[in-house]
Every structure is written in structure tokens, then in C-alpha cells.
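What follows is a single structure, written as C-alpha cells, with notes after it.
Values quoted throughout were computed directly from the atomic coordinates according to the rules given, and no laboratory measurement underlies them. This structure is a prediction, so every number in the text was calculated from the model and none was measured. In this analysis, Cβ positions are derived from the backbone assuming ideal geometry, glycine residues included, and neighbour counts consider all displayed protein chains.
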Amino acid sequence: MTINHTDKCWWKTFCQEAKRAYRRKDIETMAHLYELYEQHMHKRLMREYHYYKHLDYEAL
């Protein structure tokens, strides 16, 4: 499964896939989804980090 991180409803897709995997007790898919979630959060955190890093706090 691939999740398009630019897609606004990626979270909805992610949750649906997670529920299906949980119902089937599909450990492999659940592990894959967890990895995707971690990657997404890492990308998001890095974006925010770079955004805040460039703010000029002296000017605020």
C-alpha cells in the first residue's frame, strides 16, 4: 500500500487500511502502515523544523 502524502485525505485512507489490517490480524500490513506513519510524521516535523528555523525571532 502506498499513501500519497500530498493527498489531503491520506489520513482517512490510512485509518481505513489500519482497521482492515487489524480485523484480519495482518501483522505485516500493520507494521508497514506504522512505518508509513513514522515517515509521514518525520517529513512533517522536518518541514516545520525548517520553517521555524528560518524565522527571525529578533524581529518578532
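Details
- Mean Cβ neighbour count within 10 Å, used as a protection proxy, ranking 19-27, 43-51 highest first: 19-27, 43-51
- Additional length obtainable on full extension of the chain from residue 48 to residue 23, 0.36 nm per residue less Cα span: 5.6 nm
- Where labels lie 7 Å past Cα in the beta-carbon direction, separation of residue 30 and residue 16 in nm: 2.1 nm
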